[in-house]
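Asker: I have a structure I would like to understand better, so I am pasting it below and will then ask my questions one at a time.
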Amino acid sequence: MAARDPHRFVNELDETAIDGLIARLESRAQDSVFAGLLDKYVARLDLPPSARVLEIGCGTGAALRALAHRGDFAGKAIGVDQCRAFIEAAARFADAERVGDRLKFQLGDAHCLDFPSASFDVVIAHTLVSHVTAPLAVLGEMARVVRPGGMVAIFDGDYASLTYAFPDHSFGHKMDVALANSTFNNPRIMRDLPRLLPELGLKLAEAWGDAVVEIGTASYFRSFAETYVPYVKRAGLLPTQAVELWLKEQRQAMSNGTFFAACNYYTYLARRV
């Protein structure tokens with residue numbers, strides 16, 4: 001069976017799998033490192049007082065909830081996602097945090113957005129372009145619906161850099177590759193953005209990278225492994241017994257303080273010309 005990015009094909013998953021992805025998205029949002037990475041670029045978005053913000057591929061709405069809690073944001077935001085269960089969860093979480101009056105969530109396809117051109121001051125893709133079918137089409141839609149002078153923010157991982165320590169280095173590398181290929185449709189897309197953005201009428205304003213690393217203990221990478229290892233097994237990319245042994249080794253390393261995992265993440269802020 002070929003690898004199928006679970007986020008790209010989320011509407012094919014059963015309820016249990018979708019609930020697992022919802023838990024994963026919320027766990028990641030609560031991770032202090034990831035919360036810091038979001039705050040880092042949101043602080044540079046130069047939002048006007050009544051900003052209209054769109055997040056495509058919003059998932060459970062965690063990024064927009066964080067935005068709504070900021071004291072410097074007084075505008076409105078819309079989150080779009082292809083998965084109805086994600087949208088319903090996003091609305092519940094927003095209401096529970098008492099920001100639902102400023103956030104709206106709706107079904108939509110990032111490849112073909114149902115909004116007029118130049119509708120938003122800021123358009124965000126937070127860990128989305130690594131999953132989509134056609135990144136260039138999605139980026140083109142972001143450029144279309146942001147107003148001239150408005151900001152496009154793209155944050156995602158370079159998942160070809162994803163790595164976990166494993167005593168057998170050869171198999172460890174194979175497992176890193178299998179995790180990236182079974183989880184992300186476009187694991188290297190962030191390397192392409194400097195070339196793609198100008199083609200879409202977007203001028204790069206800022207860009208930077210951050211290494212997410214956990215040594216000794218694990219939080220983000222624990223959730224990552226436990227959520228996505230089943231997709232490696234399902235795709236048959238590696239022998240099931242060997243994959244289970246790898247996961248057992250990771251859990252043992254987490255418990256005895258010898259764990260190591262890392263991945264590079266990049267942020268691009270670009271203005272529509």
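Every number here is computed from the coordinates shown, using simple stated rules; none is lab data. Keep in mind it's a predicted model, so treat the numbers as computed, not measured. With ideal geometry, Cβ positions are generated from the backbone for all residues, glycine too; neighbour counts draw on all protein chains shown.
Asker: As I understand it, the dipole of the chain uses +1 on the Cβ of Lys and Arg and -1 on the Cβ of Asp and Glu, about the Cα centre. Which of L64, V122, G108 lies farthest toward its positive end?
Answerer: With unit charges placed on the Cβ atoms, the residue in question is V122.
Asker: Go ahead and run the numbers for FRET between Q106 and L136, Cβ-Cβ distance against an R0 of 25 Å, rounding to 0.05.
Answerer: Numbers: r = 24 Å, r/R0 = 0.95.
Efficiency computed from Cβ-Cβ geometry: 0.60.
Asker: Still on this structure: Taking the Cα centre as origin and putting +1 on Lys and Arg beta-carbons and -1 on Asp and Glu beta-carbons, what dipole magnitude results for the chain, to the nearest 20 debye?
Answerer: With only Lys, Arg, Asp and Glu charged at Cβ, the dipole is about 440 debye.
Asker: Something else now. How far, in degrees from 0 to 90, does helix 15-30 lean away from the longest principal axis of the Cα atoms of the chain, to the nearest 10?
Answerer: Value to nearest ten degrees: 70.
Asker: Further, regarding this structure: Is the C-alpha gyration tensor of the stretch 12-161 telling us rounded, prolate or oblate? Criteria: a/c under 1.5 is rounded; beyond that, a/b larger than b/c is prolate, otherwise oblate.
Answerer: Values: a/c = 1.34, a/b = 1.14, b/c = 1.17.
Taking the square roots of the gyration eigenvalues as a ≥ b ≥ c, the stretch 12-161 is rounded.
Asker: Same structure, new question: Given 0.36 nm per residue, what is the gain on full extension from E26 to D39 after removing their alpha carbon distance, in nm?
Answerer: Values: separation 13, 0.36 × 13 = 4.68 nm, distance 1.60 nm.
Gain in length upon complete extension: 3.1 nm.
Asker: Quote the relative contact order of the chain in percent (integer), defining contacts as alpha-carbon pairs under 8 Å separated by 6+ residues.
Answerer: Working: 513 pairs, mean separation 60.4, N = 273.
For the chain, the relative contact order is 22 percent.
Asker: OK, next. Where the centre of each part is set by its Cα atoms, how far does the stretch 182-222 sit from the stretch 13-30, in angstrom?
Answerer: That distance is 21 Å.
Asker: Still on this structure, I have one more. Counting only DSSP beta bridges with both residues in the stretch 30-122, what percent are antiparallel, rounded to the nearest 5? It would help to have the intermediate numbers written out before the result.
Answerer: On the way: 1 of 12 bridges.
Bridges in the stretch 30-122 that DSSP calls antiparallel: roughly 10 percent.
Asker: If we count other beta carbons within 10 Å of each Cβ, what is the order of V129, V99, V122, V273, fewest first? Could you put the intermediate results ahead of the total?
Answerer: On the way: V129 28, V99 18, V122 24, V273 11.
Fewest-to-most Cβ neighbours within 10 Å comes out as V273, V99, V122, V129.
Asker: Of all DSSP beta bridges located in the chain, what percent are antiparallel, nearest 5? Please report the intermediate quantities before stating the final value.
Answerer: Working: 25 of 44 bridges.
Once the DSSP bridges in the chain are tallied, antiparallel ones form about 55 percent.
Asker: For K248, which lysines qualify as cross-link partners when the Cα separation must be under 23 Å and same-chain residues fewer than eight apart are set aside?
Answerer: Within the straight-line limit of under 23 Å, K248 reaches these lysines: K174, K233.
Asker: Relative contact order for the stretch 139-273: what percent, with Cα pairs under 8 Å and sequence separation of 6 or more? Don't skip to the answer; put the middle values down first.
Answerer: On the way: 206 pairs, mean separation 62.6, N = 135.
Dividing the mean separation by the residue count of the stretch 139-273 yields 46 percent.
Asker: Among L21, L107, which comes first, second and so on when ranked by fewest other beta-carbon atoms within 10 Å? Display every interim value, and only then the final one.
Answerer: Working: L21 21, L107 12.
Ordered by Cβ neighbours within 10 Å, fewest first: L107, L21.
Asker: What lysines sit close enough to K104 to cross-link, taking a C-alpha to C-alpha distance under 30 Å and skipping anything fewer than 8 places away on the same chain?
Answerer: K40, K76, K203
Asker: Once Lys and Arg get +1 and Asp and Glu get -1 on their Cβ, which of S223, N256, Q241 lies farthest toward the positive end of the dipole of the stretch 204-256?
Answerer: Q241
Asker: Moving to a separate point now. How much length is gained on full extension from F9 to D95, taking 0.36 nm per residue of separation minus their Cα-Cα distance?
Answerer: Details: separation 86, 0.36 × 86 = 30.96 nm, distance 2.72 nm.
Length gained between F9 and D95: 28.2 nm.
Asker: Evaluate the charge dipole of the stretch 27-184 about its Cα centre and quote only its size in Debye, nearest 20, assuming +1 on the Cβ of each Lys and Arg and -1 on the Cβ of each Asp and Glu. Could you put the intermediate results ahead of the total?
Answerer: Details: 15 positive and 18 negative charges, 73 e Å.
Computed charge dipole of the stretch 27-184: roughly 360 debye.
Asker: Using r as the Cβ-Cβ distance of R234 and R84, and R0 as 30 Å, what FRET efficiency do you calculate, to the nearest 0.05? Kindly include the intermediate steps, with their values, before the conclusion.
Answerer: Numbers: r = 23 Å, r/R0 = 0.76.
So the FRET efficiency works out to roughly 0.85.
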